[in-house]
Structure formats: structure tokens, C-alpha cells
Amino acid sequence: MDDGARELDELVQRWQTGYGDVRGLYELLREGMHQAARRGIQRVLAKAPDEHRVQDVVYTAFVELLRGDPAAMTSPVGLARTIAYRRGIDEGRKILRERQRISSIDALDLAASLPDRREILAAAEEEALHQLVARCLETLTTDQRAVVRATVMAGQTLSDWALAAGTSHQAVSRQRSRALEALRRCVNRRRTAASAKRTEQGKQTEQGKQDKQAQLGKQDELGKRDEQDREASRGRRS
């Protein structure tokens, strides 16, 4: 874990216990939430959004995160990204409505706008996936890492990246395709290994339960035999 990730983890833990620095938490969560909000808006608009809109969505999503119970959040980082993505989609729809000059907007159901248990679990899975991707990014070459971060995570177009890199669009496209394929293989390999490890741990836990039950059964049987021996002994004395 690098220093930034460690600092974020420590700050989240302090916040969950009621002693965190909210401003510091916002600064450390902002980049990931910004990427998620940007993806949400872009999904609706099919084009790069205005950065001021993205910043507004990030702030709104962070305030929504703070309204929840920190102690009940199993994955605050993943949940923050999920909320930012959802609010990004809302913002994209809002922009479309503004463009179409729709005067009456149906009120959103508050319960539907808040993350439910399934979304919280999905957020935990997303956070785990983000961690896998971050680790797998480090296995790419420097150029591959740069093109993925610029054209996938930051949303820069291949044309702009090719121009900045002084190469052709076709060359950058091939480079990104190879980088994404290598990234996909790395993530799948690590997810498979993690799943196998969890399965083995589950088997060991289940075996431990069975062994404990068997031991308790033996103890009960021995207890019954002791009681029978005592009863027989009292019968002979009488």
C-alpha cells in the first residue's frame, strides 16, 4: 500500500469513529469521486462534460456521503465513488432536460436516490476491483500506464493524447488496446486467485465447525455414560 492509500485508509477509519478531518477526507476522496462523477455525466451525454459541473456533482455527492452513518459503511471509499457516479447520471439527465427546455420535472423518490444495501455491497465489490486495477496498473509499462490513465481514467480523447505524445492515432489505439488487454488478464488472474483463497478459507472454516460439533458430540456421549455409571452405582448400593 502506497503512502496516499495508507493515509486515506487511516483518515477513513478516524472518520468512521467520529474523529476524522472532513476537509482532509474530501481532499483524498475527491480524485476518485471526480472520475466517477465524470463517467456518470458522460454516460448520459455521450461527450466530455463541463468540469465545473463535475466539481459541483462531487461536492453534492460528498455531502450525501456525510449524511450516512460512517460506522455502518463497510466500504466508504467505494460508496463515495458509487454515489458520485449516480449523482453524475442525475446531473447528465438534468443537463438534457435543460437543453430540451422541460419546464416540469418529476420529483425523484428520496428512497430511490439513496444507496440501498445492494448498492453498498456493490460498492464494496467495486472498491476491491479498484484496488486490483491499481495494483495491476503497476505491472504495465510506463507508456501503457500513461495512455490508460489519460484516455480511460481521465477521459482524454485518443486524438488529443496522440497529438500530445507526438505519434499517430493508430499507434496510440494499438498501445491502449494492448494495455487494456494486459490489464484485463492481470485483474482476472488476481480475482481468480482471491476467489480460490476465499473458497479454501471457507472450507477450512466449515471443517473447523464440523470438528467442533463432533467434539461436542463426543463430550455429550461421555457425559451420558458417566451419568449412566453413576445411576448404576447408586442402584447397586441400594
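The values are calculated or read from the model by the stated rules, or taken from the named source; none is laboratory data. All values reported here derive from a predicted model rather than from experimental measurement. Please note: Cβ atoms are built from the backbone with ideal geometry, for glycine as well, and neighbour counts cover all protein chains shown.
This table checks each residue for (1) surrounded by fewer than 22 Cβ atoms within 10 Å (Cβ to Cβ); (2) modelled with pLDDT under 80; (3) out of contact with any Ser or Thr (no Cβ under 7 Å at 6 or more places or on another chain).
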| site | (1), (2), (3) |
| --- | --- |
| Gly40 | no, no, yes |
| Arg53 | yes, no, yes |
| Glu64 | yes, no, yes |
| Arg87 | no, no, no |
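If I ask for residues that are under 25 Å from Ile41 (Cα atoms) and without any contact (Cβ under 8 Å) to a residue 40 or more places away in the chain, which ones from the range 135-156 would you list?
Selection gives Arg145, Ala146, Val147, Val148, Arg149, Ala150, Thr151, Val152, Gln156.
Just the residues that are part of a helix (DSSP H, G or I), more than 24 Å from Met33 (Cα to Cα) and over 28 Å from the mean Cα position of the chain (by Cα), please, taken from the range 138-172.
Within the range 138-172, Ser159, Ala162, Leu163, Ala164, Ala165, His169, Gln170, Ala171, Val172 meet the criteria.
Only residues that are of a type in the set (A, V, I, L, M) and farther than 22 Å from His130 by Cα: list them for the range 158-213, please.
Result: Leu158, Ala162, Leu163, Ala164, Ala165, Ala171, Val172.
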